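For reference, the structure discussed in these notes is given below.
The values are calculated or read from the model by the stated rules, or taken from the named source; none is laboratory data. The shown structure was predicted, so the numbers you read here are calculated from the model rather than taken from an experiment. Here the Cβ positions follow ideal geometry from the backbone for every residue, glycine too, while neighbour counts run over all protein chains shown.
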Amino acid sequence: MIVKKEKKGNVTIYYVEKDYDNNKLQKVLNKKLKRDQIKSIIDDDADVFTTEGKLLIRFRKNKLNKENVDEFYDNVIDFAMTKTSNRGSATGSKSKNIYSNPKIMTNILGYFDKLSPIHKKLFKDQGKPLPKITVRETRFVKDYPERFKKLLPLVKEIDKYYEQLVPENYGKQRKKANQTPFKITGTAFTTITTNVNFQTTVHTDKGDDAEGFGNLVVIEEGKYKGGETCLPQYGIGVDVRTGDVLYMDVHEAHGNLPIILETPDAKRLSIVCYLRKSIWDQTRGKTQKFMVRHNKTFKNLQKKD
């Protein structure tokens, strides 16, 4: 809950305390939030700290270039609407079988650190051992390289504001990104996740850089209500809309409120950019030439399918 707020220029500084302890938090993890669980929604330029001084959120409205936003949306939206079952507990599923998870519109761009079931089958069918380094290009990068390039101006904007607003975490993450060629060029990121009209359950992010700070950008089409990104233990949420940038501690439990579509074309495309630690662990110190050879191995493998 918010216990104090003050103005610093155009930014509202909020100080918050937890509404409940970690024992109660366990009861809401992997469950969908309801609106009555969140006391306050922030919709202005804001910094949010705990009363102990820990930074939880930095939020700025109307910062992103419209041309970059439109270019990103136009080049990714059809792919982003592909339904997959790879989000597991973020959908509320408790199954360890990926194929039994609910299919939702969530997809991964850039590089990823795990082989897909299809990759494993291709290696097996061709009598080849699984590679020791399992980092790979995602399907969008491999199949649509020119479209991926058109996403980069917006990703680089997200990177720029990350450096400006959370410089300490950014510096640590960018240092890691600079140590591997398997990254989104000119940024602190290796990977992008897109979601369309997806209400995640309450969860903490896993697999990203623990020294980094999370981010969220939203691009809208049509009209909808809800979808606010929340830190339920603190009783607060942030209403992120097109053009806004949110940076937050994603190692705190978070999720978003229900999305109510008001027009048939309504879409809430959310974009999260991050560095996957396992990519850095597996490939730090590798050269650009190694990356080219490694990517070619996967491309040749799939050509034979």
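For Lys160, work out the one condition from (1) modelled with pLDDT of 95 or more; (2) over 27 Å from Lys286 (Cβ atoms) it doesn't fulfil.
(2) is the only condition that Lys160 fails.
Which of the residues spanning segment 242-265 are assigned to a loop (DSSP other than H, G, I, E, B) and in contact (Cβ under 8 Å) with a residue 60 or more places away in the chain?
Applying the first criterion (assigned to a loop (DSSP other than H, G, I, E, B)) to segment 242-265 yields 242-244, 249-253, 257-258, 262-265.
The answer is Thr242, Gly243, Asp244, Asp249, Glu252, Ala253, Leu257, Pro258.
May I ask you to verify whether Asn65 is within 20 Å of the chain's Cα centre (by Cα) and surrounded by fewer than 14 Cβ atoms within 10 Å (Cβ to Cβ)? Quick ask: steps written out before the conclusion?
Working: within 20 Å of the chain's Cα centre (by Cα): yes; surrounded by fewer than 14 Cβ atoms within 10 Å (Cβ to Cβ): yes.
Yes.
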